[in-house]
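Comments concern the structure below.
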Amino acid sequence: MTKATLVNQPEKYWDRLFAPGGHCGIVTTVDTEGRVNAASFATCVRIVHNPVQIAFTTNPAGHTAQNLLATGSFVVNLPSFERDILEKVRVVGLPFDRGVNELEKAGLTALPSTIVKPPRIAECLRHFECDVVWTKEWIKRLMVVGNVVAASTYSDCVDAKGYLVWERVKPVAFCGAPYVNMFAAAHETMAVGMPYDGPEVADADRSVRSYFEDM
């Protein structure tokens with residue numbers, strides 16, 4: 001079997017790579033001294049198709065917030081629904097002291113990014129390098145929106161048009177803090193027909209295709 005290689009995705013496929021819209025993810029940042037920080041989040045969401053933008057919420061006093069506000073960049077690394085990587089997701093979510101490299105604690109491999117300073121994570125199958133667009137603090141949370149400037153995956157994770165190979169990628173969601181250690185698979189897919197035949201169907205189709213020229 002041919003070993004999959006890490007491949008950068010063209011901009012027109014970034015939206016397809018971040019599917020479905022919401023994910024459990026590991027966000028990597030660096031501080032002003034270049035020290036790496038990694039933290040797990042349940043709230044990574046793709047909020048804009050074109051340009052592709054990703055949002056998540058974090059603790060305003062946490063290392064992730066402090067780092068991205070100081071440096072202006074971060075990377076969203078998306079794990080799969082596999083026990084070994086999700087155990088590592090739990091490790092990077094622990095409250096380590098500032099300056100501790102969570103990737104090393106979890107046994108994860110830092111991979112240099114192509115544009116931004118924070119690293120990608122080799123064991124995660126999808127990576128989105130982001131520049132901070134805006135932040136907003138409210139009810140003890142910081143909303144962060146980033147503009148994707150580069151995206152990468154492994155060659156066996158997408159087809160020739162950048163669509164996910166679902167059974168390989170196995171997207172995953174975190175069930176939420178009250179569930180403590182439970183994750184939900186998000187890779188079973190089903191094509192659903194359109195039982196309505198009004199003119200709005202064609203309008204909606206044209207609208208979607210205006211975003212993506214090669215559907």
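The values are calculated or read from the model by the stated rules, or taken from the named source; none is laboratory data. Remember, predicted model here, so these are calculated numbers, not experimental data. Counting neighbours? That spans all protein chains shown, and the Cβs are built from the backbone with ideal geometry, glycine included. Please note that ligands, DNA and RNA were not included when accessible areas were found on the heavy atoms of the full protein model with its side chains. Shrake-Rupley method; radii C 1.70, N 1.55, O 1.52, S 1.80 Å.
Amide H of residue 183: which non-local residues (sequence gap of 5 or more, or other chain) have their own amide H closer than 5 Å, using H built in the peptide plane?
175
Report the accessible area of residue 159, computed with a 1.4 Å probe over the heavy atoms of all protein chains in place, in Å² rounded to the nearest 10.
The value for residue 159 is about 80 Å².
Taking the Cα centre of the stretch 76-207 as origin, sum charge times position over the Cβ atoms of Lys and Arg (+1) and Asp and Glu (-1), and report the length of that vector in debye to the nearest 20. It would help to have the intermediate numbers written out before the result.
Details: 15 positive and 18 negative charges, 116 e Å.
My answer is approximately 560 debye.
How much length, in nm to one decimal, is gained on full extension between residue 141 and residue 94, taken as 0.36 nm per residue of separation minus their Cα-Cα distance?
Working: separation 47, 0.36 × 47 = 16.92 nm, distance 1.78 nm.
Contour length minus Cα-Cα distance gives 15.1 nm.
Extending each Cα 7 Å along its Cβ direction at residue 47 and residue 188, get the distance between those two points in nm, one decimal.
According to this spin-label approximation, the distance is 3.1 nm.
Once Lys and Arg get +1 and Asp and Glu get -1 on their Cβ, which of 192, 29, 210 lies farthest toward the positive end of the dipole of the chain?
29
Determine the relative contact order of the stretch 97-180: mean sequence separation of Cα pairs under 8 Å and six or more apart, normalised by residue count, in whole percent. Intermediate values should be presented prior to the final figure.
Numbers: 89 pairs, mean separation 15.1, N = 84.
Relative contact order here is 18 percent.
Check residue 158: other-chain or 5+ apart residues with amide H under 5 Å from its amide H, H built from backbone geometry?
Answer set, sorted by chain and number: 165.
Roughly how far apart, in whole Å, are the Cα centres of the stretch 151-204 and the stretch 35-95?
If you average the Cα positions of each part, the centres end up 19 Å apart.
How do the peptides 163-169, 51-57 rank, highest first, by the average count of neighbouring beta carbon atoms within 10 Å per residue?
Working: 163-169: 15.7, 51-57: 20.7.
In decreasing order of mean packing, 163-169, 51-57 become 51-57, 163-169.
Per-residue HN-Hα couplings for the stretch 35-51, Karplus 6.51 cos²θ - 1.76 cosθ + 1.60 at θ = phi - 60°, whole Hz, x for Gly and Pro?
In residue order, the calculated couplings are 6, 7, 10, 9, 8, 8, 9, 9, 10, 6, 10, 7, 10, 9, 7, 8, x Hz.
Residue by residue through the stretch 54-68, what is 3J(HN,Hα) from phi via Karplus (6.51 cos²θ - 1.76 cosθ + 1.60, θ = phi - 60°)? Round to whole Hz and write x for glycine and proline.
Per-residue couplings from phi come out as 10, 10, 7, 10, 8, 6, x, 8, x, 5, 4, 4, 4, 5, 6 Hz.
Could you point to the residue in 95, 150, 106 farthest towards the positive end of the chain's charge dipole, with +1 and -1 charges on the Cβ of Lys/Arg and Asp/Glu respectively?
Selected residue: 95.
Could you pull out every one of the aspartates and glutamates with an alpha carbon less than 14 Å from that of residue 161, ignoring same-chain neighbours closer than 8 positions?
Counting by Cα, and skipping residues close in sequence, residue 161 has these aspartates and glutamates nearby: 11, 15, 213, 214.
Heavy atoms only, 1.4 Å probe, whole protein assembly: order 49, 127 by accessible area, highest first.
Numbers: 49 75, 127 0 Å².
Correct descending sequence by accessible area is 49, 127.
Calculate one ³J(HN,Hα) per residue across the stretch 115-124 by plugging θ = phi - 60° into the Karplus curve 6.51 cos²θ - 1.76 cosθ + 1.60, and present them in order as whole Hz with x for glycine and proline.
Computed from phi, the couplings for the stretch 115-124 are 10, 8, 7, x, x, 7, 10, 4, 6, 7 Hz.
Express in nm, to one decimal, how much length is gained between residue 133 and residue 104 on full extension, taking 0.36 nm for each residue of separation and deducting their alpha carbon distance. Each step should come with its number before you reach the end.
Working: separation 29, 0.36 × 29 = 10.44 nm, distance 2.90 nm.
Roughly 7.5 nm would be gained on extension.
Which net charge results when you count Lys and Arg as +1 and Asp and Glu as -1 among the other residues whose beta-carbon is under 15 Å from that of residue 32? If you can, show how the numbers build up before the last one.
Numbers: positive: 35, 98, 117; negative: 31, 33.
Around residue 32, the surrounding residues sum to +1.
Given (1) 31, 22, 14; (2) 23, 21, 17; (3) 29, 20, 18 as candidate values of semi-axes √(5λ) of the Cα gyration tensor in Å, which corresponds to the one derived from the coordinates?
Among (1) 31, 22, 14; (2) 23, 21, 17; (3) 29, 20, 18, the one calculated here is (3).
Taking 0.36 nm per residue of sequence separation and subtracting the Cα-Cα distance, how much length would be gained by fully extending the chain between residue 156 and residue 35, in nm to one decimal?
Between residue 156 and residue 35, full extension yields an extra 40.4 nm.
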